[in-house]
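One structure below.
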Amino acid sequence: MTNKNDLKFFLDHVTARFQIGPQQGPIYKAGKKHKHFKISLGLDHPNPEVSSVIYELDPTYYDPIRETDDSQSGFKTDITSYGDYTVKVKALKGKDVIAHNFKLSDLLKKGHKDSLDDPTIKEALDYIKQH
């Protein structure tokens, strides 16, 4: 059973960030219809008792289940996305599984909380939320 402190820690520290290019704006690849932004999912302050993290992305991804045990990187995994959807995140801590569903746009807002006034971040976040 997951205790409230584990869940609070998890809710506070799961995050997403746009990858930033040399022009100081979010990196994206222009597709036929959409901008596909490069995004990193992870924990901004990993719990040393967590052994791995599983990210369940939108089922339209070629590889929608991403698992990482790389605590040194903050359990980071890289994705691309042009739109908002629910990401299910599970952390394995001993025999416990801590899981929660997050909107990608909410994770991006949290990951860029110190730069939400940057027009390139705002524009990219608005784009994700609209699609």
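The values are calculated or read from the model by the stated rules, or taken from the named source; none is laboratory data. Small disclaimer: the values here were computed from a predicted structure and weren't measured. Heads up, the Cβs are rebuilt from the backbone with ideal geometry, glycines too, and the neighbour counts pull from every protein chain shown.
Kindly evaluate S115 against the criterion of being among the small types (G, A, S) and either crowded, with 17+ Cβ neighbours inside 10 Å or modelled with pLDDT of 95 or more (or both).
Against the criterion (among the small types (G, A, S) and either crowded, with 17+ Cβ neighbours inside 10 Å or modelled with pLDDT of 95 or more (or both)), S115 does not qualify.
Considering region 113-127 alone, what residues qualify as being within 14 Å of I39 (Cβ to Cβ) and small (G, A, S)?
Result: A124, single match.
Could you figure out which of (1) closer than 17 Å to T15 by Cβ; (2) touching a residue at least 60 places away in the same chain (Cβ under 8 Å); (3) in contact with a Ser or Thr (Cβ under 6 Å, 6 or more places away or on another chain); (4) of a type outside the set (F, W, Y) isn't true of D96?
(1)
Hey, among G21, G94, G31, which residue is at positive phi and modelled with pLDDT under 95?
Of the residues listed, the single one that is at positive phi and modelled with pLDDT under 95 is G94.
Please list, ordered by first then second residue, the pairs with beta carbon atoms under 7 Å, 6 or more apart or interchain, first in region 113-124 and in a loop (DSSP other than H, G, I, E, B), second loosely packed, with under 15 Cβ neighbours inside 10 Å.
L116/K122
Go through region 62-72 and give me each residue that's at pLDDT below 95 and surrounded by 13 or more Cβ atoms within 10 Å (Cβ to Cβ).
Passing the criteria: only S71.
Return yes or no: is F75 modelled with pLDDT of 95 or more, in contact with a Lys or Arg (Cβ under 9 Å, 6 or more places away or on another chain) and of a type in the set (F, W, Y)?
Considered against the rule, which asks whether it is modelled with pLDDT of 95 or more, in contact with a Lys or Arg (Cβ under 9 Å, 6 or more places away or on another chain) and of a type in the set (F, W, Y), F75 comes out as no.
Every residue, every condition in (1) outside any loop (DSSP other than H, G, I, E, B); (2) over 26 Å from N3 (Cα atoms); (3) free of Cβ contacts under 8 Å to residues at least 60 places away in the same chain, yes or no:
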site	(1), (2), (3)
P59	no, yes, yes
D63	no, yes, yes
I79	yes, yes, yes
K90	yes, no, yes
L107	yes, no, no
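Can you pull out the residues in region 65-77 that are touching a residue at least 24 places away in the same chain (Cβ under 8 Å), not hydrophobic (A, V, I, L, M, F, W, C) and not in a strand (DSSP E or B)?
S71, S73, G74, K76
Taking the residues in region 73-91 that are of a type in the set (S, T, Y) and touching a Phe, Trp or Tyr at 6+ places or on another chain (Cβ under 8 Å) as candidates, determine which candidate is surrounded by the most Cβ atoms within 10 Å (Cβ to Cβ).
Applying the filter and picking the extreme gives S81.
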